[in-house]
Each structure stands twice: as C-alpha cells, then as structure tokens.
1. May I ask you to verify whether GLU242 is under 30 Å from LEU364 (Cα atoms), assigned by TED's automatic domain parsing to the domain that holds ASP370, open to solvent by less than 20 Å² (accessible area, probe 1.4 Å) and of a type in the set (Asp, Glu)?
2. Counting only residues that are of a type in the set (D, E, K, R) and either over 24 Å from VAL16 (Cα atoms) or open to solvent by less than 70 Å² (accessible area, probe 1.4 Å) (or both), how many does the range 52-96 have?
3. Return the residue satisfying two criteria in turn: it lies in the range 114-134 and is in a helix (DSSP H, G or I) and of a type in the set (D, E, K, R), and of such residues it is nearest to the chain's Cα centre (by Cα).
4. Does VAL311 fit the bill of being in a loop (DSSP other than H, G, I, E, B), assigned by TED's automatic domain parsing to the domain that holds LEU442 and touching a residue at least 12 places away in the same chain (Cβ under 8 Å)?
5. With the structure loaded, tell me whether THR171 is of a type outside the set (D, E, K, R), closer than 30 Å to ASP128 by Cα and open to solvent by 10 Å² or more (accessible area, probe 1.4 Å) or whether it fails that test.
6. May I ask you to list the residues in the range 269-281 that are farther than 16 Å from LEU390 by Cα and crowded, with 16+ Cβ neighbours inside 10 Å?
7. Could you tell me whether the range 421-428 includes any residue that is open to solvent by 10 Å² or more (accessible area, probe 1.4 Å), under 22 Å from GLY183 (Cα atoms) and either at pLDDT 95 or above or of a type outside the set (Lys, Arg) (or both)?
Amino acid sequence: MDAGAGRSDYADVRHVRSSAETVSTRNGRVELVRHWEEEGFGVRVRIGGAWGFAAARGHERAAAEDALARAIAVAEAQPRISGQVVALAPEAPAQGSYSTPVEIDPFEVPLEDKLALLSQADAAMRGDARIALTTAHFDAYRDEKVFCSTEGAYCEQRIVECGGGMSATATSDSETQVRSYPGAHREQVSQAGYEHFAALRLAEEAPRVAEEAVALLTAPPCPAEVTTIVLNGEQVALQVHESVGHAVELDRVLGREASYAGTSFVSASDLGSLQYGSPVMNVTADATVAEGLGTFGWDDEGVAAHAVPIVREGVLRGFLSSRETAAEIGLERSGGCMRGEGFSRQPIIRMTNVNLEPGDAGTLDDLIADTDRGIYMATNRSWSIDSRRLQFQFATEAAWEIRDGRLGRLLRNPSYAGVTPQFWASLDAVCDRSAWRLWGVLNCGKGEPGQAMHVSHGAAPARFREVQVGVA
C-alpha cells in the first residue's frame with residue numbers, strides 16, 4: 001500500500017479469492033452442476049473526504065498497483081467537500097486470522113455423494129400425481145480474504161458457507177401450491193461445512209413437504225380479518241430483515257441509498273428516543289454468532305466483529321454503520337458493517353446477523369397453547385415493502401387456525417400487512433432460546449452497481465396482536 005499512499009488520507013486493499021458450487025435436481029433428474037472461481041483486488045482510497053474505488057482481477061502486484069492508480073484518480077475527480085472533513089471513527093488496526101470452523105470441507109465431498117442425497121430427497125417427494133414439480137439443491141461458498149490498510153492493518157480470513165433445501169409444487173385445475181424445506185425459497189445456508197447440509201435430513205422431511213403441498217390445494221382460504229398471528233421463526237427473521245435491518249442501515253438513514261435501495265422512516269436523531277416496538281422487542285446486530293452468514297473476524301474495512309444493540313425494550317439504540325457514517329453522527333465506533341461482494345464491489349453498509357433476541361414464551365407449542373384464537377403462519381412465500389421500510393405486506397406458504405390453544409385447519413394463501421412501528425408495537429410474546437435459531441438470506445440486494453450479500457437473522461416464533469390478515 002505504498003504507491004500513492006502519500007496522496008491519500010487513507011487507503012486499504014482486499015484480495016479476495018471466491019469459490020462457489022451449486023448442484024440441483026428437478027423431477028428426479030440432474031438440473032444443474034456449476035462450479036466457479038474468481039480472484040482479484042479491490043482498492044479504496046480517501047482523499048480530502050472523497051472516496052475512490054477500483055478493482056482488478058488476478059493476484060499479481062501489477063494488478064493491485066493498477067487498481068490503486070485508478071482508485072486515486074476516481075477520488076481526485078470527486079467534488080471537494082466544503083468545510084472540515086470528518087475523520088473516520090477510530091479502530092485498532094486489524095491483526096490476525098479468522099476461519100470458519102468446518103468439520104467436512106464441502107468442496108472436497110464427491111459430486112456423486114451430493115447427487116445421491118439430493119436424488120433421495122427428490123424421489124421421496126414424488127408419487128402423488130398432483131405433485132407437478134420437485135426440486136432439491138445443494139450450495140457451497142468459500143471466500144479467502146487478505147486485508148491491509150495504510151493504518152497498519154493486516155488480517156486474513158477464510159469463510160465457508162454450506163446448505164441447501166427442497167420444494168414440492170402441487171397443482172390442480174384451479175390451484176398451484178408450494179411447500180419448501182427447511183426454509184423459504186427452498187434453502188437454508190449457514191457458515192459451516194458439509195456437515196450442516198447432511199444434518200438437514202432432506203430425505204426424511206420430503207414426504208411431509210409433499211403431503212402439505214397437496215393438502216393446500218383443497219384447504220380453505222385464509223380469511224380476511226384483524227386477528228392475532230403467530231409467525232414461525234423463519235418468517236420472523238424475514239420481518240426483521242425487511243422492516244428493521246434495512247431501516248437502520250445508516251447510509252439509507254442519511255439518504256445515501258435513496259436512488260437505488262430507498263431511504264428509511266428512521267432518522268439519525270431518533271437514536272435513543274424512537275419507540276420502534278413493544279417492550280419485548282430486543283434486536284442485536286452481532287457479527288460473532290456461530291454459523292451466521294454475517295459472521296467474520298473483521299469487516300471489509302478492518303473493524304473487528306462485535307455486537308451492536310439496535311433495539312432495547314422497544315426503543316431504538318443503534319444503527320448499522322461504517323467508520324465514516326458513525327463518525328458523521330457522533331458514534332464512538334463503527335458498527336463493523338462494511339462488506340462488499342467478492343473483490344469487485346466497493347464495501348457498503350450491510351447487515352451482519354441482525355437478531356430478534358429470545359423471549360420467555362417457551363416453545364412454539366407453549367406459545368400456541370397460550371393463544372386462544374388466531375392464525376399460525378409458516379414459511380415465507382413473498383414480500384413487499386415500501387422504499388422507506390414502513391408499509392408492508394407479506395405472504396407465507398401455509399397457515400393453520402389456532403382455536404383454544406390448539407392448531408386446527410390448514411389454510412391456503414395466507415398473508416398479513418402492517419406499518420412497521422405499529423406492527424412491532426403489537427409484539428407481545430417471543431419464544432425462548434430453545435426455539436431460537438439462525439435463518440440465512442442469500443439474496444439481500446443493495447448498491448449501485450448492485451451486489452448481493454449473505455446475511456443471517458436469529459429469531460424464534462413470535463406472537464403479534466390485532467394484525468390485518470388477508471386483503472381487507
């Protein structure tokens with residue numbers, strides 16, 4: 001990082017080598033086998049408060065120097081910032097290494113073993129003529145990163161992710177219904193090795209998945225009413241992602257993402273005062289949680305992983321931030337949320353593991369037993385939320401009536417809608433640690449040019465009162 005360093009206030013470089021593998025089946029046949037790799041440098045410089053970024057493929061010194069020269073040119077071409085330039089929030093230079101704990105390297109497992117497991121699951125969903133489509137798939141990802149900066153940082157990281165899932169689609173003359181496992185959109189990926197994928201027990205769960213897809217064809221429709229709802233942990237996780245995680249990204253709050261990802265109903269001045277939800281709502285962004293897709297040793301500007309309180313007893317207490325945005329609003333430290341996709345995208349503020357903390361409502365069975373009347377909804381099917389992360393409508397694959405503390409009839413096409421602070425204010429119970437788990441999201445999009453990020457959300461089933469269900 002010597003070349004050009006004297007002309008910049010700050011500079012850093014990441015070398016990233018990325019690998020990915022996808023294997024999938026469709027109606028009992030191999031649908032896709034794909035493996036790709038790429039590597040290169042991403043260089044950032046800051047000159048007079050203006051940023052420049054450039055990337056170059058490869059691992060040779062000449063490629064890094066070329067990216068540095070172009071990053072400097074971009075920074076120097078930016079409009080100068082009038083007034084005093086805000087210094088980056090202080091951070092001890094990153095030193096050391098981080099590696100995902102892995103029992104079985106997913107990239108070393110023979111393709112035949114992966115296909116055998118997927119084929120077993122696919123076959124176990126077929127048999128009923130109403131099942132028109134079955135799919136099963138496996139995913140693995142690996143990033144090997146080296147980061148250094150003009151502040152003296154140098155760290156290495158090796159992050160491995162693995163998982164997969166399946167889905168069954170049932171059809172009739174008038175209906176099409178889908179059931180997925182273990183999560184929405186047929187996937188559940190964690191920061192772990194092949195052992196995580198094997199533990200999903202796809203073949204064992206497949207018959208139930210298919211049976212529920214078929215049963216949904218003739219299930220009564222979910223009624224339109226205002227009622228109590230209980231959401232399974234996976235749907236709570238998506239609710240956190242869309243209506244909390246994105247809303248507290250500080251670049252959005254400050255208007256920096258308005259042209260692409262939108263803004264937020266939250267303002268920087270709301271810190272410590274905004275009533276985000278009920279007193280049982282506690283949310284933490286924690287980049288240290290085992291197996292989380294937002295877990296690491298350091299973010300992509302060298303900030304050590306740590307936990308950031310976001311909501312405490314319903315009150316806004318923190319933001320997802322970078323060193324620059326944290327300093328801009330007077331925070332003592334960055335939230336450690338800067339990440340870029342691969343080597344070729346500039347790091348921007350991204351979620352880590354934004355978790356709804358467990359409550360004291362016991363297990364899901366306990367929560368259902370404590371609910372006199374309502375609807376239990378499971379497995380996300382679709383989501384829609386406005387650009388300020390305020391008004392939303394979500395649908396799930398399946399729902400069941402709750403009557404006198406017991407699950408009743410299966411219901412098809414369930415959905416619910418709300419306004420973020422009012423919805424979270426209606427939260428009155430969250431299951432305890434025994435029902436809490438991390439749920440992965442692989443398609444979190446943001447930035448210009450766009451980039452996808454893998455994030456996780458810890459959640460347990462939760463109950464919300466007086467919610468609009470169905471189309472009013």
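The values are calculated or read from the model by the stated rules, or taken from the named source; none is laboratory data. Values in this document were obtained by computation on a predicted structure and should not be read as measured data. Reconstructed Cβ throughout: ideal geometry from the backbone, glycine too, with neighbour counts over all protein chains shown. The area values use the complete protein model at the heavy-atom level, side chains included, leaving out ligands, DNA and RNA. Shrake-Rupley method; radii C 1.70, N 1.55, O 1.52, S 1.80 Å.
1. On the way: under 30 Å from LEU364 (Cα atoms): yes; assigned by TED's automatic domain parsing to the domain that holds ASP370: yes; open to solvent by less than 20 Å² (accessible area, probe 1.4 Å): yes; of a type in the set (Asp, Glu): yes.
Answer is yes for this residue.
2. Initial filter on the range 52-96 (of a type in the set (D, E, K, R)): 57, 60-61, 65-66, 70, 76, 80, 91.
Now restrict to residues that are either over 24 Å from VAL16 (Cα atoms) or open to solvent by less than 70 Å² (accessible area, probe 1.4 Å) (or both): 76, 80, 91.
Of the residues in the range 52-96, 3 are of a type in the set (D, E, K, R) and either over 24 Å from VAL16 (Cα atoms) or open to solvent by less than 70 Å² (accessible area, probe 1.4 Å) (or both).
3. We begin by selecting, within the range 114-134, every residue in a helix (DSSP H, G or I); these are 114-125.
Filter again for of a type in the set (D, E, K, R), leaving 114, 122.
Numbers: LYS114: 25, ASP122: 27 Å.
Applying the filter and picking the extreme gives LYS114.
4. Numbers: in a loop (DSSP other than H, G, I, E, B): no; assigned by TED's automatic domain parsing to the domain that holds LEU442: yes; touching a residue at least 12 places away in the same chain (Cβ under 8 Å): yes.
No: the conditions fail for VAL311.
5. Working: of a type outside the set (D, E, K, R): yes; closer than 30 Å to ASP128 by Cα: yes; open to solvent by 10 Å² or more (accessible area, probe 1.4 Å): yes.
In short, yes.
6. Applying the first criterion (farther than 16 Å from LEU390 by Cα) to the range 269-281 yields 269, 271-273, 278-281.
If the condition is that a residue be farther than 16 Å from LEU390 by Cα and crowded, with 16+ Cβ neighbours inside 10 Å, then LEU271, SER278, VAL280, MET281 are the ones that fit.
7. No, that holds for no residue.
Listed here are the residues, each with its yes/no results for (1) in contact with a strand residue (DSSP E or B) (Cβ under 9 Å, 6 or more places away or on another chain); (2) aromatic (Phe, Trp, Tyr).
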{"residue": "VAL248", "(1), (2)": "yes, no"}
{"residue": "GLY255", "(1), (2)": "no, no"}
{"residue": "TYR260", "(1), (2)": "yes, yes"}
{"residue": "SER264", "(1), (2)": "yes, no"}
{"residue": "SER273", "(1), (2)": "yes, no"}
{"residue": "ASP286", "(1), (2)": "yes, no"}
{"residue": "GLY292", "(1), (2)": "yes, no"}
{"residue": "PHE296", "(1), (2)": "yes, yes"}
